[in-house]
There are 2 protein chains.
Amino acid sequence: MMKLEAFENYIHKMNDLSHAAMLLSWDLKTKAPKNASDSHISALTTLSTEVFKMSTDEELRGYIEDIENHEKELDEVTVGMAKKLKKEYVRSKNIPTALYSQFVALTSKAEYVWEGAKRQNDFNSFQPYLEQIVELSKEMAHYIDPTQKAYDVLLEDFEPGIKSDQLTVIFEELRKGVVPLVEAIKTKAPIDDSQFYGHFDKEEQRKIAHYLLKQIGYNMDSGRLDESEHPFTIGTAPFDVRITTHYLKEDARSSIFSVLHEGGHGIYEQNINPRLKGTPLATGTSMGIHESQSRLYENIIGRSKAFWAPLYEEVIKIIPQYKALDLEDFYRGINRIEPSLIRTEADELTYNLHIILRFELEMALFNNEIKVKDLPEAWRYKMKKYLGVVPETDAEGVLQDTHWAGGAFGYFPSYALGNVYGAQFVHQIEKEKGYSLESLLQRGQLDTVSHWLKEHIHQYGALKTPSQLIREACGEDINVRPLLTYYQNKYTQLYKL
Amino acid sequence: MMKLEAFENYIHKMNDLSHAAMLLSWDLKTKAPKNASDSHISALTTLSTEVFKMSTDEELRGYIEDIENHEKELDEVTVGMAKKLKKEYVRSKNIPTALYSQFVALTSKAEYVWEGAKRQNDFNSFQPYLEQIVELSKEMAHYIDPTQKAYDVLLEDFEPGIKSDQLTVIFEELRKGVVPLVEAIKTKAPIDDSQFYGHFDKEEQRKIAHYLLKQIGYNMDSGRLDESEHPFTIGTAPFDVRITTHYLKEDARSSIFSVLHEGGHGIYEQNINPRLKGTPLATGTSMGIHESQSRLYENIIGRSKAFWAPLYEEVIKIIPQYKALDLEDFYRGINRIEPSLIRTEADELTYNLHIILRFELEMALFNNEIKVKDLPEAWRYKMKKYLGVVPETDAEGVLQDTHWAGGAFGYFPSYALGNVYGAQFVHQIEKEKGYSLESLLQRGQLDTVSHWLKEHIHQYGALKTPSQLIREACGEDINVRPLLTYYQNKYTQLYKL
């Protein structure tokens, strides 16, 4: 079948261009010399535009139709590719290429402007960029599907199949479970974690990072760990999946948990079945599922005592300052619950409230209920309402995250969805194995968990939709209960509620 | 002029694709995870092929013709671009795209195979690749210009305007000047450099590298220094020009001089006039001129006593082992003349003989006088003849250099041409300034030299041909005399000949 070969060459080329764009993007944030950023952004825009053009080209539509007409005779990867490409084609075909290019160039530039604005606590310098990003995002959403709410159209990019109405319900249940727990904890004596502060050598932090990545099965032959201003994971799965972290000299926990988080993303992509390599299916199926892996390793696993028990002797060898803490102190210190300003540094409970705040602001922006210029004030208002703390600066408020600068409206809900999915997976593993996660980890059987995740989630890449994955893996749809039960059990015990 | 804008967009896109290819190539040799090499090579092949297609496209020919027809009204950069692109177009238009792609993929792969072959001293595993590279190179040369000798066609890529007959004459004069000097030195007691060996901390070597790069004016805001198996310079001039080095723990000289060498390449590209940015003129005009800059900083400057005199106090602060050596010991130890096996580690005199050997072998290969399988033996024969030493292994013989694996037949002569050009430039600087290089450096006026080079060489990028540059800068054509005079003066004094 000559056409199949032509289709494969076409995909191959798209994949090569995406791979180069990935590398430019990685380099821009990790290694590129200061003066190189213009060249990088220009090349990134050109390559992304090429990929965009190819994904909306008539030639591709032809291949897709041919595959649809011969679905029965073809393998599931080919059919899966066609399905995914069709979806992207339908979604993007009405977006003018010039608009897309403009959006890529604008957001690349805006990420730079945002960095400066955050550093100088200057929302005004960032505001015009953000306004333009919101405008272009609305425009694109309208081109994609004028019959739907703009925000729902954007959500589809991160969590296919989910709508803002459904999220509102899910998040309401989540909020109702989390808030009373946080209130109860507030009545108890706070955990003292003063011994976690000090001066932590970067080399030690790098060592513990590599040690932990090895423990959770991240493969350095198919990845790297570098430093960047903000931790991230980027890659071409499964053989080039790179993660970054950021070392704080005064507190090693920040990097430890960001490494577990990015490591979770990394493992997901590294474990994708190699037969999907070079296809558009060699990627996470949604950002919610992606965040389920990162937040599972960071929190449900990474903040459990049982995970650290078999490792703790080695940990204090690498970071001698922790010798002053025994395992119990350590466990308590990594689970201090306290409403705070910064999402990425938040504890696992209040983290959800940070997400709900952002979700509501995004909805309000796209439903034209507030304007970009009102965001700082709205931020402070909602922080007060949900977390009871108010940032004194925009740097610690509305400017803290890079997502909006990158044009990723609709991304934030993924983190909370990730928390929810992750707990469902663990619940299912416990059911199947007949042991609690705690007892598996205690006995050093983390690989039982990773193996289940690889088997039921990772290997499929984007071959299955999020809801399909969950249903097949757990026998149910999205369900907030396991997460709330996990929180309830863990914090009742920890804080003696 | 609408067409000019279309032309600029066309160039812009070519430049973006080349920039991405540059980054892939850099990453492949410095940072890429082991398992990523296939993806990198694939993307590199796709991007290079795209650039190649664009450089031979009818659309481009149209733009070039338009510019030719309006030369009088246009600025020199536009006219210069058209001239360079025309040359590449004429050169490449007959090469089938598939052949070009095959060549890129083959050489990317061969560079990997060569690394393994060198490590394991196994010429046989590399031989079939090299045979294919030679075959494809001959084929391409025939497509480019069937009326010329294949080797002359290849030379044009590295040193436009020069032919093998002319090189034979130049190299004969060079050989006749160098051999008697080397013979005379052999009758003298060898310089004792045993104190240069020891254990040199990588961090110290990195520090001295950065210190020296700063001294010679390499700009870290537009570049980087990394480690790689073999030192190289790669970049998109003038704002992203990266160099690498390789640290030997037993002898810091290796990295010191490779850093000065690559730094010389780096400065050349960083000093290209920014108005050439994003055009095909933002690159060195030939590899000979490029090597003139690298070898000038490495040798004529870098191996002079006067260069080190003002820096030496700082040097021994950074590398305490060198405290045992005074400046005179250091100067002697970095100028030990002794025929040896490895080109990159050779002294500046015998280095030329390594090049002549390679030039002769390349000519013989492309004139069908020898076969790839005969290379190891021919190598040993010529080493004996020109240098009086014979490698015991192919790893130290025919497998030592990466150039042939990369398909760069015709590159080697550039190094010797670089030596020749560099001495001409210094001679001219001395004439214009009325001071010897020695007295300029002694007084810390390296910037007088760098400024002259920027003014007369660097800034032009590829806007002028090599012969034009030399003639305008030095008022003469290529001339071996200044180099031989420099050698004569330096080594007569150093070895008391």
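The values are calculated or read from the model by the stated rules, or taken from the named source; none is laboratory data. These numbers come from a predicted model, not from an experiment. Here Cβ is always computed from backbone atoms with ideal geometry, including for glycine, and neighbour counts include all displayed protein chains. We work out accessible area using only protein heavy atoms, side chains counted, and drop any ligands, DNA or RNA first. Shrake-Rupley method; radii C 1.70, N 1.55, O 1.52, S 1.80 Å.
Accessible area per residue for region B:362-497 is 43 Å², calculated with a 1.4 Å probe on protein heavy atoms, without ligands, DNA or RNA.
Take A:Arg443, move 7 Å from Cα toward the beta carbon, and the resulting point lies 8.2 nm from the same point in each other copy, nearest first.
With a threshold of 25 Å on the Cα-Cα distance, the over-threshold entries among B:Lys29/B:Lys207; A:Lys72/A:Lys464; B:Lys118/B:Lys490; B:Lys277/B:Lys464; B:Lys31/B:Lys371; A:Lys31/B:Lys207 are B:Lys118/B:Lys490; B:Lys31/B:Lys371. Stokes-Einstein diffusion of the protein assembly as shown at 25 °C, 0.890 mPa s viscosity, Kirkwood radius from Cα pairs, rounded to a whole number: 78 µm²/s.
When each of the peptides A:118-130, B:346-358, A:261-273, A:338-350 is scored by how many other beta carbons lie within 10 Å of its residues on average, the order from highest to lowest is A:261-273, B:346-358, A:338-350, A:118-130. Entry note, chain B: the mean residue ellipticity at 222 nm calculated from DSSP H runs of n ≥ 4, each adding -39500 (n - 2.57), is -20000 deg cm²/dmol after division by the residues and rounding to the nearest 500. Oblate is the label for region B:165-212, because a/c, from the alpha-carbon gyration tensor with a ≥ b ≥ c as root eigenvalues, is 1.5 or above and a/b does not exceed b/c.
With 10 Å bins beginning at zero, the pair-distance distribution over Cα atoms of region A:371-496 amounts to 10, 29, 27, 23, 10, 0 %. Any idea what log10 I(q)/I(0) is at q = 0.05, 0.06, 0.13 Å⁻¹ for chain B, Debye with uniform C-alpha scatterers and no solvent? At q = 0.05, 0.06, 0.13 Å⁻¹ the computed log10 ratios are -0.19, -0.27, -1.42. Computed on region B:1-157, the Cα convex hull volume stands at 133 Å³ per residue. Panel values: region B:361-424, Kirkwood radius from alpha carbon pairs, Stokes-Einstein at 25 °C and 0.890 mPa s, translational diffusion coefficient 188 µm²/s.
Apply 1/(1 + (r/R0)^6) to the Cβ-Cβ distance of A:Gln195 and B:Gln120, taking R0 = 60 Å, and write down the FRET efficiency to the nearest 0.05. It comes out at approximately 0.70.
Over region B:129-234, the alpha carbon radius of gyration divided by the compact-protein estimate 2.2 N^0.38 Å works out to 1.68. Considering only alpha-carbon pairs that sit under 8 angstrom and 6 or more positions apart, the relative contact order computed for region A:1-143 is 22 percent.
Measuring from the axis that maps chain B onto chain A, the chain B residue with the nearest beta carbon and its rounded distance in angstrom come out as B:Ala20, 2. For region A:424-497, rounded, prolate or oblate, judged on the Cα gyration tensor with a ≥ b ≥ c (square roots of eigenvalues), a/c < 1.5 rounded, else prolate if a/b > b/c? Because a/c hits 1.5 or more and a/b fails to exceed b/c, region A:424-497 counts as oblate.
The per residue volume of the convex hull around the alpha-carbon atoms of region A:308-373 is 127 Å³.
Against the empirical curve 2.2 N^0.38 Å, the C-alpha radius of gyration of region A:199-287 lands at a ratio of 1.11. Among A:Ile67, A:Ser439, A:Ser228, whose Cα sits farthest toward the positive end of the charge dipole of chain A (+1 at Cβ of Lys/Arg, -1 at Cβ of Asp/Glu, about the Cα centre)? It is A:Ser439, whose Cα lies furthest towards the positive end.
In this structure, the residue pairs whose Cα-Cα separation is over 24 Å, taken from B:Lys186/B:Lys385; A:Lys176/A:Lys385; B:Lys86/B:Lys109; A:Lys13/A:Lys163; A:Lys3/A:Lys84, are B:Lys86/B:Lys109; A:Lys13/A:Lys163.
Heavy-atom accessible surface of region A:46-185, averaged per residue, reaches 48 Å², computed with a 1.4 Å probe. Hydrodynamic analysis of region B:76-145 uses the Kirkwood radius over alpha carbon pairs. Inserted into Stokes-Einstein at 25 °C and 0.890 mPa s, it gives a translational diffusion coefficient of 176 µm²/s.
Ordering A:Leu357, A:Gly388, A:Ile370 by Cα displacement along the dipole of region A:311-398 toward the positive end leaves A:Ile370 in first place; charges were set at the Cβ atoms of Lys, Arg (+1) and Asp, Glu (-1). Per residue, the convex hull spanned by the Cα atoms of region B:166-323 amounts to 144 cubic angstrom. Shielding of peptide A:218-225 by partners, expressed as the average count of other chain Cβ atoms within 10 Å per residue Cβ, is 3. For region A:2-94, the square roots a ≥ b ≥ c of the C-alpha gyration tensor eigenvalues yield an a/c of 1.5 or more together with a/b exceeding b/c, which makes the shape prolate.
For A:Val90, the distances from its label point to the matching points in the remaining copies are 5.5 nm, ordered from shortest, with each point set 7 Å beyond Cα toward Cβ. Using a 1.4 angstrom probe on protein heavy atoms only, the contact between A and B buries about 2700 square angstrom of accessible area, both sides summed.
Distant-in-sequence amide contacts of B:Glu227, defined by a placed amide H-H separation under 5 Å and a gap of 5 or more residues or a different chain, comprise B:Thr245. Neighbouring Cβ atoms from other chains, within 10 Å of the Cβ of residues in A:8-20, number 4 on average. Give me the percent of the accessible area of the protein assembly as shown that comes from carbon and sulfur atoms, probe 1.4 Å, all protein chains in place. Its accessible area is 49 percent carbon and sulfur atoms.
Its residue count N fixes a reference of 2.2 N^0.38 Å for region B:231-338, and the Cα radius of gyration divided by that reference is 1.22.
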